[in-house]
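Here is the structure we will look at, set down as structure tokens.
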Amino acid sequence: MTSILIKNGFVIDPVQGIRGDKMDIAINDGKIVKNLSNPDKTIDASGMVVMAGGVDIHSHVAGAKVNVGRTFRPEDKLQSTYAPYHGIRHMAGGTSVPTVFKTAYMYADMGYTTVIEAAMPPLYARHTHEEMRDTPIIDEAALPMFGNNWFVLDYLKRGEMDNAAAYIAWLLRSTKGYGIKCVNPGGTEAWAWGLNCLSIDDPVPYFDITPRQIVSGLMEVNEYLHLPHSLHLHSNNLGNPGNYTTTLDTLKLSEGIKPNNNFGREQVLHHTHIQFHSYGGTTWADFESKGKEVMDYINSHPAVTCDIGFVTLDETTTMTGDGPFEYHLNKLNHLKWANTDVELECGSGIVPYVYSKDVYVCGVQWSIGLEMALLAKDHMRCYLTTDHPNAGPFWRYPRIMKWLMSEKARNDVLATMKNEDKVRDRSTLGSIDRELTLYEIAQMTRAGPAKALGLGSSVGGLVPGMQADIAVYPYNPETESDPEKIEWAFSHAKYLIKSGEVILNDGEVVSNGNKKTYWVDVKTTPNRQVERDIDQTFVKYYTVNKNNYEVNEHEFMKNPCVVQIDAIQ
Amino acid sequence: MESGKEKEDYMKSCGIIELDQADIDKLGILKNTNVCVSSKFNRVVVKAILATQGPHPGLGWIPMGPWANMLVDNNTYSTGTPTFKGTPVTVEPAEDEKVLSSIDLVLKACMEE
Amino acid sequence: MSKRLTDIICPFCGTLCDDIEVEVSDDGKQILEVYNSCAIGSEKFLHAQSPDRITRPRMKQEDGSWKETTYEEAAKYTAKILCDAKKPLMYGWSSTSCEAQSTGHMIAEQVGGVLDNTATVCHGSTLIAMQDVGIPSCTLGEVKNRADRIIFWGCNPAHAHPRHMSRYSIYSRGYFTGKGSKSRKIIVVDPRPTDSASLADEYIQVEQGRDYELLSALRAALRGAQLPDKVSGVTKEKIYEIVDILKGGRFVVIFFGMGVTHSLGKNHNIDMAIALTADLNNYTKASIIAMRGHYNVTGSGQVLGWQFGFPFCVDLSRGFARYNPGETSSNDLLMRGEVDGCLVVGSDPGSHFPIASVKKIHDIPTVCIDPHTTPTTAVSTCHVPVAIVGIEVGGSCYRMDNVPIESRKVVDPPAGMLTDAEFLGLVLKEVNHIKGVAE
């Protein structure tokens, strides 16, 4: 492998506390090294920013529902230019739900190298892996969903933690999953009967368990299994006015639980797309931000992390494992509605959505995301996402960086809103003059999410020994004052190196890279009861045989990278 | 279908038209004899048999396959899918004509100008 | 001593049964018996062993006779016709694995081919309807465990998906449906009183081609609107009765097939069926599932979807992907004479396209990759027999409810035969060579 020296860039690395010092970064054999004599390649990064490759902790980029989003929206291909086949670049199209090729190229253009697919229905795991395998360049991992799984509901209801842990370890192994995702705990199972759980104490029909028990139980199991990532939660009542009380109730469940892992992770709960969960008011008429209340809680509780789910004010395609939410969203906008309920496990829904600047609710949603990120005290615990493509497409991250880094850019948007006064009135955004620094942006997009995922020792930073994922942006923090340049530069990385291989050279894709896929293999104490339960349940209730359920690592994964954990008690 | 489309079984199961007895009587044909079915697009010789899943008055049924596809409307009306069902046809006796095998039928039709 | 292989996937229909057991000879070469499968499925496994099977590629001669050739020569020929053509049609993909599809797509990207699968003559209208109005759906296990109202509309599972009824729908016993068929009410809507209709609690004989009207009437009745005395040959009393049955259920599922997708109205018929399903969700829970035909037509739509963004009739001839059924769809392209070279993989347009389209295929250089002799191979200039996916080679497949299942290898193919993925790999190599692309 080639050795590379990146010279003279403004290096920003929160892992080492480096804040824009002019430094060289050396790469050899796929890793960052201290120094290097006679590099094979030298990159002159003078006047440019050098950061670790970006890490996206929550994005819907591969799998069954993403592909429904693609195929049922041919119009989405018309919203942007369909890039032609060129050299080693595959043809690449799609706007809010790009094809796997375009997904990889656009992440690469933004300098991202690690992306977590945030919701994998276990029965569809093979599909998710096939898409990830076909996605070039970026390293990926997928989080299977557990919050409505019949085994989990049953074990947790009876307080059988050992059994729940053994089952979850088995499912992670079978689906080649990375961690525990929980979407609308209990609510999606209720949706199988057309119902929902809107508070953490709404009982799940038939199973007679509450979301409170599910969330607490899953956090406990997560630590019992010493997983690299914490519970990754999309709580109940998403997207509804007044839901912030449900969110606070849910966050409080983390109190008293201690992280237990060897991966440097310090949180026990990651709450995703928190923007969608920080709403006040009782109806859409008196809808308002409660971002401050929720962020105050997170600021004072170090065992909680969050990503924002910024609304980008675009036409997009919403897709979530929260089936009932999509049904209700469709009742609001009357565009097309797709839904898939998955036997014994989970469900999902998909609805196109237009976040319009002319609609005040959309404006307030936009404000809440920014308000929360600007009120956050520790950006190692608050991450930049759009819940792609739910609040907006991921390739808008550079625009969000601009908004976060420039009060003027925010005011420019507010000024174009039809209901500017009303929007200003319903959140505190207008009164915040904070402008984030590149250092804080690097925390939100690299160091922070990498740490929360338990990947902090290999990615998200520039420490010698770490995987050489490095982005070089054509942005000079000393001389640049135009906020538009932020958006442009962070959409057009000049160089991208992934695992020591040059992917972007002078802005051109020169390699499809050698992506890898993480998964977690936890050894637990042999548990005959759970083995029997699994066998019986497959025979009686599944429509796929147990022996045809496990994802074949060699066929369906590119460069599988297994994280081995011993959780034998 | 899965035992070989070049085989006689395929012709026997798909080179047919199923009709109600009343329709057979009306058309002046005999069941289990060959008939000529014609639409505005083409004609084909198949064997008339009594409806196995009937009655369906006024409706003739030819299973999916090359015999049916001699007759159907190839217009997709901008959907990509030809109009395989609901083609108006005339059924006439053709006791002396042969039902061609799938391959002979297709090849012969392709050779015709 | 023979041995019994379990958990085998049946590569016949979209039901994609994965509980087949196959008895093979000790040397693993001969299939002796097939268990659990339907008659058609068994036939498919046993036919693989037919002694008259073609095992080498062959080229058609001037006089119409066939001459054997090698896979390498066949690959060169295939690459040449695809590269020479201005708009090669690469059709089929439904009876092969996702891996083979993917290789085919990489070829199409380079030669500027049109990729279309058998949905184009099957559930293409369904895919268009999904794009019109969406699709509230579920996996077949939800049907098994929960459904107490099941409609089969314009489909005949008794013949086309024989084990669907016992595995998933009518007879299966699930968590909330412990009494099997007694837990459910079955409604069949079809112009013919099919063998499936004879299993139903209610049979509705709709006039041929009048599905749209009847579906609209059901939607109107659901909203309590007045109906004329008869719609599509069905009395209004019956329509109100059906609506009451559906509303009274806890979980309604509509399965539909060619009866709706092939009749005039096409995607609009399905729009209406989907809208009815969505409406029913205001009263109870309802889902709708297309009875997909070929065992992996669903997979083809999926792979096309994630690689190019469209589920069928994907035209890459301009260097990027375009999709416009009616323009970029196989039959329309053939009828307009736009296609000047053709590759058929794992399907039989010779039998399943209108004859006017078949004639066009006959008139241009066509390579057919298919284990069997079919009317398509008869009109092709080159026939490349390959190992049978799901029997002689494994690979990824997608069930009608989009659930992915990895099919398994049961026996070796006849000596010296390639799989379609391997053959397409050779073609890709040749195409790379012609186009001067580095591997």
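The values are calculated or read from the model by the stated rules, or taken from the named source; none is laboratory data. From a predicted model like this one, the values you see are computed outputs, not experimental measurements. Here Cβ is always computed from backbone atoms with ideal geometry, including for glycine, and neighbour counts include all displayed protein chains. Calculation scope for accessible area: heavy atoms of the full protein, side chains included, ligands and nucleic acids excluded. Shrake-Rupley method; radii C 1.70, N 1.55, O 1.52, S 1.80 Å.
You will find that of C:Leu227, C:Leu264, C:Leu218, C:Leu246, the residue that is at pLDDT below 95 and either closer than 16 Å to C:Ile187 by Cα or outside any strand (DSSP E or B) (or both) is C:Leu264 and no other.
Given the criterion facing another protein chain (nearest Cβ under 7 Å), of a type in the set (Ser, Thr, Tyr) and either open to solvent by 10 Å² or more (accessible area, probe 1.4 Å) or in contact (Cβ under 8 Å) with a residue 40 or more places away in the chain (or both), identify the matching residue among C:Thr373, C:Thr298.
C:Thr373
With a requirement of 2 or more residues that are of a type in the set (Lys, Arg), the strands (runs of 3 or more DSSP E) lying completely within the stretch C:1-99 that satisfy it span C:3-8, C:58-60. Take A:Trp337 and decide whether it is among the aromatic types (Phe, Trp, Tyr) and within 14 Å of chain C (Cβ to nearest Cβ). So A:Trp337 fits the description; yes. When the stretch B:60-86 is limited to residues that are surrounded by fewer than 18 Cβ atoms within 10 Å (Cβ to Cβ) and either within 24 Å of C:Asp195 (Cβ to Cβ) or in contact with a helix residue (DSSP H, G or I) (Cβ under 6 Å, 6 or more places away or on another chain) (or both), the one that is nearest to the other protein chains (Cβ to nearest Cβ) turns out to be B:Gly86. Of the residues contained in the stretch C:259-279, one or more are found to be within 12 Å of chain B (Cβ to nearest Cβ), among the charged types (D, E, K, R) and surrounded by 24 or more Cβ atoms within 10 Å (Cβ to Cβ).
Give the stretch B:32-46 a look and list any residue that's open to solvent by 50 Å² or more (accessible area, probe 1.4 Å) and more than 26 Å from B:Pro82 (Cα to Cα), or say none. B:Asn32 - this is the single residue of the stretch B:32-46 that is open to solvent by 50 Å² or more (accessible area, probe 1.4 Å) and more than 26 Å from B:Pro82 (Cα to Cα).
Here's the yes/no breakdown for (1) closer than 23 Å to A:Leu438 by Cα; (2) open to solvent by 10 Å² or more (accessible area, probe 1.4 Å):
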{"site": "A:Thr2", "(1), (2)": "no, yes"}
{"site": "A:Val15", "(1), (2)": "yes, yes"}
{"site": "A:Val33", "(1), (2)": "no, yes"}
{"site": "A:Ala45", "(1), (2)": "yes, no"}
{"site": "A:Arg70", "(1), (2)": "no, no"}
{"site": "A:Pro98", "(1), (2)": "no, no"}
{"site": "A:Lys102", "(1), (2)": "no, yes"}
{"site": "A:Met106", "(1), (2)": "yes, yes"}
{"site": "A:Met110", "(1), (2)": "yes, no"}
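Hey, among the residues in the stretch A:502-548 that are within 14 Å of another protein chain (Cβ to nearest Cβ) and farther than 30 Å from A:Tyr167 by Cβ, which one's nearest to the chain's Cα centre (by Cα)?
A:Asn512
Candidates B:Ile49, B:Ile16, B:Ile29: the one that is buried (at least 20 other Cβ atoms within 10 Å of the Cβ), more than 9 Å from chain C (Cβ to nearest Cβ) and either farther than 23 Å from C:Pro354 by Cβ or aromatic (Phe, Trp, Tyr) (or both) is B:Ile29. Here A:Arg133 meets each of (1) open to solvent by less than 10 Å² (accessible area, probe 1.4 Å); (2) assigned to a helix (DSSP H, G or I) with one exception, condition (1). In the set C:His372, C:His352, C:His362, only one residue is assigned by TED's automatic domain parsing to the domain that holds C:Met417 and farther than 23 Å from C:Ala48 by Cα; that residue is C:His362.
Test A:Val502 against the criterion of being hydrophobic (A, V, I, L, M, F, W, C), modelled with pLDDT of 95 or more, assigned to a strand (DSSP E or B) and surrounded by fewer than 21 Cβ atoms within 10 Å (Cβ to Cβ), and give yes or no. Taking the combined requirement at face value, the residue satisfies it.
Considering (1) within 30 Å of C:Val114 (Cα to Cα); (2) touching a strand residue (DSSP E or B) at 6+ places or on another chain (Cβ under 8 Å), the lone condition that C:Ala75 does not fulfil carries the number (2). A:Met51 - would you say it is open to solvent by 10 Å² or more (accessible area, probe 1.4 Å), more than 14 Å from chain C (Cβ to nearest Cβ), in contact (Cβ under 8 Å) with a residue 12 or more places away in the chain and within 27 Å of A:Tyr475 (Cβ to Cβ)? Here the answer is no, as A:Met51 does not meet what is asked. Taken residue by residue, the stretch C:183-198 has at least one member that is assigned to a strand (DSSP E or B), basic (Lys, Arg), over 30 Å from C:His352 (Cβ atoms) and open to solvent by 50 Å² or more (accessible area, probe 1.4 Å). On the given criteria, is A:Leu78 open to solvent by less than 10 Å² (accessible area, probe 1.4 Å) and hydrophobic (A, V, I, L, M, F, W, C)? Against the criterion (open to solvent by less than 10 Å² (accessible area, probe 1.4 Å) and hydrophobic (A, V, I, L, M, F, W, C)), A:Leu78 does not qualify. Across the stretch A:214-263, the qualifying residues are those that are over 19 Å from the mean Cα position of the chain (by Cα) and of a type in the set (Gly, Ala, Ser), and the one among them that is most open to solvent (accessible area, probe 1.4 Å) is A:Gly256. Take the residues in the stretch C:116-138 that are facing chain A (nearest Cβ under 7 Å) and polar (S, T, N, Q); name whichever of them is farthest from A:Asn148 (Cα to Cα). Out of the qualifying residues, it is C:Gln131. Would you call C:Lys360 basic (Lys, Arg) and within 13 Å of chain B (Cβ to nearest Cβ)? It is true that C:Lys360 is basic (Lys, Arg) and within 13 Å of chain B (Cβ to nearest Cβ). Here's a check for you: in the stretch C:49-71, which residue that is among the polar types (S, T, N, Q) and away from chain B (no Cβ under 14 Å) is least open to solvent (accessible area, probe 1.4 Å)? Applying the filter and picking the extreme gives C:Thr69. Looking across C:Gly113, C:Gly154, C:Gly141, one residue alone is at the interface with another protein chain (Cβ under 8 Å from one of its Cβ atoms) and buried (at least 24 other Cβ atoms within 10 Å of the Cβ). It is C:Gly141. If you go through the stretch A:505-550 and pick out every residue that is within 23 Å of A:Phe101 (Cβ to Cβ) and open to solvent by 30 Å² or more (accessible area, probe 1.4 Å), you end up with 8.
Among the helices (runs of 4 or more DSSP H) confined to chain B, the ones with at least 1 residues that are under 30 Å from C:Glu43 (Cβ atoms) are located at B:8-14, B:102-111.
Of the residues screened, A:Val459 is not one that is at pLDDT 95 or above, of a type in the set (Val, Ile, Thr) and part of a helix (DSSP H, G or I).
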